[in-house]
Amino acid sequence: MVQLIVGNKGKGKTKYLLDKVNTEIQKTSGTITYLDKSTKHMFELNNKVRLVNVADYMITNCDEFLGFICGIISHDHDLQQMYFDSFLKIACLEGEDITPAVEKLDKIGEAFGIDFILSVSMNEEELPESMRSKIIVSL
């Protein structure tokens, strides 16, 4: 399942995402991975959450990003949730249609029982109509 947290830059999406991941790690029996464009929020995350700085892995397009996600999943069979901060940037989708990537994440999540929570720097109105049902928070 894919859930979206949407809103323009500076609206508080990261704070909401950090609060959510730190709450969820207390309830889950599996593991949680948090992907970001830097390690800036390392000390704001519970130490049980694995932080991955996507910028370290030289990802240049969305297909590489999705392959990277599958690699993480193949390595961790206890993985239950993945949080993506700055999704458009880390997935190389700035200015692109996010629909194919989100649909692929939906299929991956269904196949492996993983929930994906994405922070997307777009207003709800800017999202494709098919993506709006996945919004859990619009800031």
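The values are calculated or read from the model by the stated rules, or taken from the named source; none is laboratory data. On a predicted model such as this, the values are computed, not experimentally measured, just so you know. Virtual Cβ from ideal backbone geometry, glycine too; neighbours counted across all protein chains shown. These accessible areas exclude ligands, DNA and RNA; they are computed on the full protein's heavy atoms, side chains included. Shrake-Rupley method; radii C 1.70, N 1.55, O 1.52, S 1.80 Å.
Residue-by-condition table, conditions (1) closer than 21 Å to residue 9 by Cα; (2) of a type in the set (Gly, Ala, Ser):
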| residue | (1), (2) |
| --- | --- |
| 23 | no, no |
| 37 | yes, no |
| 46 | no, no |
| 63 | no, no |
| 66 | no, no |
| 75 | no, no |
| 94 | yes, no |
| 114 | no, no |
| 130 | no, yes |
When only residues in the stretch 32-58 that are open to solvent by 100 Å² or more (accessible area, probe 1.4 Å) and part of a loop (DSSP other than H, G, I, E, B) count, which is nearest to residue 71 (Cα to Cα)?
-> 58
Criterion violated by residue 61 - all others in (1) of a type in the set (S, T, N, Q); (2) in contact with a Cys (Cβ under 9 Å, 6 or more places away or on another chain); (3) open to solvent by 90 Å² or more (accessible area, probe 1.4 Å) satisfied = (3)
Any hit, the stretch 75-90, residues being open to solvent by 50 Å² or more (accessible area, probe 1.4 Å) and part of a loop (DSSP other than H, G, I, E, B) | yes
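Can you give me the number of residues within the stretch 109-134 that are part of a helix (DSSP H, G or I), buried (at least 17 other Cβ atoms within 10 Å of the Cβ) and at pLDDT 95 or above?
If we filter the stretch 109-134 for residues that are part of a helix (DSSP H, G or I), which is where we start, we get 109-112, 124-126, 129-134.
Retained after the next criterion (residues that are buried (at least 17 other Cβ atoms within 10 Å of the Cβ)): 109, 131, 134.
This time we only want the ones that are at pLDDT 95 or above, so: 109, 134.
Result for the stretch 109-134: 2.
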Got at least one residue in the stretch 23-31 being in a strand (DSSP E or B) and either surrounded by 13 or more Cβ atoms within 10 Å (Cβ to Cβ) or in contact with a Gly (Cβ under 7 Å, 6 or more places away or on another chain) (or both)?
-> yes
